[in-house]
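Contents: one structure, followed by commentary.
The values are calculated or read from the model by the stated rules, or taken from the named source; none is laboratory data. This structure is a prediction, so every number in the text was calculated from the model and none was measured. Every residue, glycine among them, receives a Cβ derived from its backbone with ideal geometry; neighbour counts consider all protein chains shown.
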Number of protein chains: 2
Amino acid sequence: MEGMTAGQYELVYNAFSFGIATFAAATLFFWFGRSQVNKHYKTALTVTGLVTFIAFYHYVRIFESWDAAYDIVDGVVVATGTSFNVAYRYVDWLLTVPLLLIELILVMRLTQSETVSKSLTLGGAAALMILLGYPGEVSGGIDSTRLIWGALSMIPFLYIVYTLYVGLGEAINRQPESARGLVRLARNVTVLSWFFYPVVYFAPFVLPLSGGMSTTVIEVGYTVADITAKALFGVLIYLIAVRKSEAEDGHS
Amino acid sequence: MEGMTAGQYELVYNAFSFGIATFAAATLFFWFGRSQVNKHYKTALTVTGLVTFIAFYHYVRIFESWDAAYDIVDGVVVATGTSFNVAYRYVDWLLTVPLLLIELILVMRLTQSETVSKSLTLGGAAALMILLGYPGEVSGGIDSTRLIWGALSMIPFLYIVYTLYVGLGEAINRQPESARGLVRLARNVTVLSWFFYPVVYFAPFVLPLSGGMSTTVIEVGYTVADITAKALFGVLIYLIAVRKSEAEDGHS
């Protein structure tokens with residue numbers, strides 16, 4: 001990697017290892033939590049754990065790809081000739097991003113038909129968003145290809161944000177009082193953490209970062225965003241499920 | 001490693017393997033224990049097991065990194081060229097240290113709002129403490145960089161000690177009698193075992209140890225401190241959860 005220091009290489013390396021440990025631990029936490037909530041919320045926690053489990057798998061792959069792509073020789077980072085696979089993130093997101101929205105819908109406990117229709121429209125929009133971003137990312141250049149696919153990907157993104165605020169706003173007001181603030185927080189964490197991804201995607205067009213610094217910012221940044229959007233968001237889903245179970249059992 | 005004997009290398013090697021076995025066993029013990037306590041304490045034991053699970057993962061990584069970094073040729077320790085990754089400990093602590101404080105808060109069973117606010121302030125202070133120590137450790141030198149970051153890291157450390165004694169002191173007095181002594185002991189074990197870390201961090205400034213002896217003391221010392229702060233502390237959390245469950249069920 002041109003201009004990457006050993007310190008930058010190791011920071012990314014450690015960030016990926018941190019991701020592996022966090023997602024493995026989060027997965028177990030959510031699945032253990034299934035026994036502590038009412039049966040209406042068990043699926044939400046199953047899915048929450050699936051998201052972090054899928055992320056755990058991809059962070060193992062990303063870590064190994066990073067490890068194989070570079071060596072440190074006499075304190076200098078040298079490419080081994082094996083390329084670092086940037087596509088693992090897209091494969092991960094294609095699975096996890098629709099599931100993240102489904103988690104939120106499941107824990108809100110809407111009517112059966114609303115649950116199915118919102119899961120299909122929001123989940124479908126999320127999958128479309130990732131698919132449209134992919135050709136721009138793998139093209140590798142900072143050019144019109146990246147710009148056009150990125151712009152197309154923003155259409156389903158904005159549709160999701162709109163639906164979360166307008167379409168689900170009324171359903172959030174119907175949540176039991178003890179959980180309403182948390183559901184609103186979970187919705188806001190989703191939107192705020194997701195905004196980080198287009199910022200990173202379009203950053204090369206406006207920021208003069210180059211080589212090592214750019215890679216470090218992107219990889220550590222995506223890792224922090226993934227942990228926020230999947231593990232921390234999952235903790236909120238868990239807390240909502242616990243609070244709503246308690247409210248339904250009649251003790252707060 | 002300059003001046004490290006084969007005996008020292010092997011002692012560290014065996015200490016890491018001891019850590020792997022201890023943390024794996026402790027994790028299973030805490031998770032089996034979940035079925036023996038009231039539901040209010042299940043989350044505390046889930047988290048206790050997560051801490052040792054995360055430590056288990058990192059000790060496997062640390063062990064492999066140590067194994068890859070040195071060879072013994074004709075009874076002499078020689079570096080292979082792959083560097084030993086000192087950062088794994090920081091990655092581990094960044095996750096486990098906030099969780100350790102959350103374990104203690106969960107088993108005390110405070111009110112819902114106290115649990116959330118104490119978890120956020122103490123957990124946040126713990127994460128900040130680790131993040132501030134990292135730049136000093138990876139800089140590698142025994143100089144003002146290590147000293148300044150270490151000193152900054154002590155600010156959240158002292159805040160945590162203060163909160164554990166003053167902020168939680170009153171809550172400890174409210175614990176049921178059969179568990180009060182154990183909760184106090186768990187608090188004291190936390191503070192005492194944690195004091196070992198700044199001692200090791202600042203030791204190079206005052207002790208004339210060099211090369212192999214210094215590395216051996218640091219690595220074996222951190223391992224003993226980790227086992228005390230995570231596995232032995234976890235056994236106390238388990239005992240508190242069992243005693244409090246018994247007290248609540250009306251037989252002591």
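Some observations on this one:
- Residues of segment A:105-144 classified as surrounded by 15 or more Cβ atoms within 10 Å (Cβ to Cβ) and among the β-branched types (Val, Ile, Thr), total: 5
- Extreme residue, nearest to B:Val235 (Cα to Cα), among residues of segment B:194-212 that are surrounded by 14 or more Cβ atoms within 10 Å (Cβ to Cβ) and in contact with a Lys or Arg (Cβ under 9 Å, 6 or more places away or on another chain): B:Tyr201
- Residue among B:Ala55, B:Ala25 that alone is crowded, with 21+ Cβ neighbours inside 10 Å and within 30 Å of B:Lys244 (Cα to Cα): B:Ala55
- Note on segment B:57-81: residues that are closer than 30 Å to B:Met108 by Cβ and within 10 Å of another protein chain (Cβ to nearest Cβ) total 2.
- Test: residue in segment A:217-238 that is under 20 Å from A:Ala87 (Cα atoms) and over 18 Å from the mean Cα position of the chain (by Cα): no
- Failed condition for A:Ala6, given (1) within 13 Å of chain B (Cβ to nearest Cβ); (2) under 29 Å from B:Leu45 (Cβ atoms): (2)
- Cβ separations smaller than 7 Å between residues 6+ apart or across chains give the following pairs from segment B:235-251 residues that are at negative phi and among the aromatic types (Phe, Trp, Tyr) to residues that are surrounded by 19 or more Cβ atoms within 10 Å (Cβ to Cβ) and modelled with pLDDT of 95 or more: B:Tyr238/B:Phe30; B:Tyr238/B:Gly33; B:Tyr238/B:Leu45; B:Tyr238/B:Thr48.
- Annotation: of all residues in segment A:164-193 being charged (D, E, K, R) and loosely packed, with under 14 Cβ neighbours inside 10 Å, the one that is farthest from A:Leu101 (Cα to Cα) is A:Glu177.
- Within segment B:82-108, the set of residues being away from every other protein chain (no Cβ under 11 Å) and at pLDDT below 90 comprises B:Phe84 only.
- For the condition out of contact with any Pro (no Cβ under 8 Å at 6 or more places or on another chain) and surrounded by 18 or more Cβ atoms within 10 Å (Cβ to Cβ), B:Val77 qualifies.
- Complete set of residues in segment B:64-92 that are more than 19 Å from B:Val200 (Cβ to Cβ) and in contact (Cβ under 8 Å) with a residue 12 or more places away in the chain: B:Asp67, B:Ala68, B:Ala69, B:Tyr70, B:Ile72, B:Gly75, B:Val76, B:Val77, B:Ala79, B:Thr80, B:Thr82, B:Ser83
- Residue within segment A:32-48 that is away from chain B (no Cβ under 11 Å), farther than 17 Å from A:Val242 by Cα and in a helix (DSSP H, G or I) present: no
- Restricting B:Leu120, B:Leu147, B:Leu158 to those that are over 23 Å from B:Asp226 (Cβ atoms) and free of Cβ contacts under 8 Å to residues at least 24 places away in the same chain reduces the list to B:Leu120.
- Subset of segment A:17-26 [facing chain B (nearest Cβ under 10 Å) and either farther than 18 Å from B:Ile130 by Cβ or among the aliphatic types (A, V, I, L, M) (or both)]: A:Ile20, A:Ala21, A:Ala24, A:Ala25, A:Ala26
- Flag if B:Tyr41 is under 24 Å from B:Gly3 (Cα atoms), surrounded by 16 or more Cβ atoms within 10 Å (Cβ to Cβ) and touching a residue at least 12 places away in the same chain (Cβ under 8 Å): no
- Any hit, segment B:187-199, residues being outside any helix (DSSP H, G or I) and modelled with pLDDT under 90: no
Table: residues versus (1) of a type in the set (Gly, Ala, Ser); (2) touching a strand residue (DSSP E or B) at 6+ places or on another chain (Cβ under 6 Å); (3) without any contact (Cβ under 8 Å) to a residue 24 or more places away in the chain.
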| residue | (1), (2), (3) |
| --- | --- |
| A:Ala6 | yes, yes, no |
| A:Leu11 | no, no, no |
| A:Phe16 | no, no, no |
| A:Phe32 | no, no, yes |
| A:Val60 | no, no, no |
| A:Leu94 | no, no, no |
| A:Val97 | no, no, no |
| A:Ile102 | no, no, no |
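- Residues of segment A:142-160 satisfying the condition of being over 24 Å from A:Lys118 (Cα atoms) and under 18 Å from the mean Cα position of the chain (by Cα): A:Gly150
- Considering residues of segment A:213-252 that are farther than 16 Å from A:Gly33 by Cβ and in contact with a Gly (Cβ under 8 Å, 6 or more places away or on another chain) only, the residue surrounded by the most Cβ atoms within 10 Å (Cβ to Cβ): A:Asp226
- Residue within segment B:117-137 that is more than 11 Å from every other protein chain (Cβ to nearest Cβ), hydrophobic (A, V, I, L, M, F, W, C) and outside any helix (DSSP H, G or I) present: no
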